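Below: the structure, in structure tokens.
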Amino acid sequence: MELKLYGAPMSTCVARVLACLYEMGADFELVPVNVPAGEHKQPSYLATKNPFGQIPAPIDGDLTLLESRAINRYIVIKNKGTGPDLLRLDNLKESALIGVWMEVESQMFNQPIWAIVHQIIIGPFFGGTTDDQVVEANAEKLAKVLDVYDERLSKSKYLAGDFYSLADPHHILYTHYLMKTAKALLINSRSHVKAWWDDISSRPATKKVREGMSFGGNA
Ligand code: GS8
């Protein structure tokens with residue numbers, strides 16, 4: 001039975017899973033969830049899809065999953081042999097470094113970039129306003145994180161080494177939206193980060209997921 005992914009393609013966490021599905025060439029069906037109408041907060045959704053009332057929610061046969069990063073681990077392991085080996089579990093050191101950079105994304109990179117993108121793009125789309133002080137404070141935080149990335153990427157082509165791994169596409173979604181704002185300078189002013197972004201953002205799987213990522217207007 002084909003995996004059913006409940007969500008909306010412009011949603012960042014759904015896009016994280018789509019990037020992995022496209023990269024792995026996996027079969028799936030995207031089932032739209034009407035987030036503005038609150039479909040993801042309805043009792044039936046909470047009971048059968050995601051108890052936290054969030055997207056993405058994939059259902060693969062009798063297996064219901066949540067948390068985009070854990071979902072992607074499952075997709076890569078399930079499709080091992082037919083898709084690219086984005087986790088390298090047969091190589092202790094390489095898989096350890098992939099794990100490290102997936103954690104860095106989740107623990108260091110995600111929070112400040114999430115805050116900037118929510119302030120400038122996603123919040124206003126849902127009727128909110130932008131707090132410039134929050135943007136600036138998080139831009140400062142993200143700059144420090146990206147300095148570490150720039151150093152790392154001066155030594156290897158991708159985050160975990162000279163090979164594309166799951167750690168790289170986990171960065172695509174928020175960076176995609178950041179690049180539509182004036183804070184794109186945070187990426188563009190760091191030559192190694194910029195070269196990495198140019199590379200990963202132009203992969204066919206990434207292009208496909210980015211095509212569905214828009215909150216209208218210039219975003
Ligand atoms: C976060 C899911 C999430 O925040 C993951 O899957 O990685 N850690 C989880 N989903 C958002 C949309 S993506 O930004 C969501 O469902 N928001 C609506 C809401 O919480 O009401």
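Counting only residues that are touching a Pro at 6+ places or on another chain (Cβ under 7 Å), within 12 Å of the ligand (Cβ to nearest atom) and either part of a loop (DSSP other than H, G, I, E, B) or open to solvent by 20 Å² or more (accessible area, probe 1.4 Å) (or both), the stretch 1-46 holds 3 of them. Here Ile75, Ile113 are screened, and the one residue that is within 16 Å of the ligand (Cβ to nearest atom), more than 28 Å from Ala143 (Cα to Cα), part of a helix (DSSP H, G or I) and open to solvent by less than 10 Å² (accessible area, probe 1.4 Å) is Ile75.
Here is the figure for the stretch 116-126: residues that are without any contact (Cβ under 8 Å) to a residue 40 or more places away in the chain and either under 17 Å from Asp168 (Cα atoms) or crowded, with 20+ Cβ neighbours inside 10 Å (or both) total 2. Across the stretch 48-55, a minimum of one residue is classified as farther than 15 Å from Cys13 by Cβ and surrounded by fewer than 21 Cβ atoms within 10 Å (Cβ to Cβ). Name every residue in the stretch 49-67 that is in contact (Cβ under 8 Å) with a residue 24 or more places away in the chain, out of contact with any strand residue (DSSP E or B) (no Cβ under 6 Å at 6 or more places or on another chain) and more than 7 Å from the ligand (Cβ to nearest atom), in order of residue number. The one that is in contact (Cβ under 8 Å) with a residue 24 or more places away in the chain, out of contact with any strand residue (DSSP E or B) (no Cβ under 6 Å at 6 or more places or on another chain) and more than 7 Å from the ligand (Cβ to nearest atom): Gly61.
The values are calculated or read from the model by the stated rules, or taken from the named source; none is laboratory data. Quantities reported herein were computed from a predicted structural model and do not represent experimental measurements. Quick reminder, even Gly has a Cβ in these numbers, built from the backbone with ideal geometry, and neighbours come from all protein chains shown. Ligands, DNA and RNA are stripped out before the accessible areas are found, and what is left, the full protein with its side chains, is counted by its heavy atoms. Shrake-Rupley method; radii C 1.70, N 1.55, O 1.52, S 1.80 Å.
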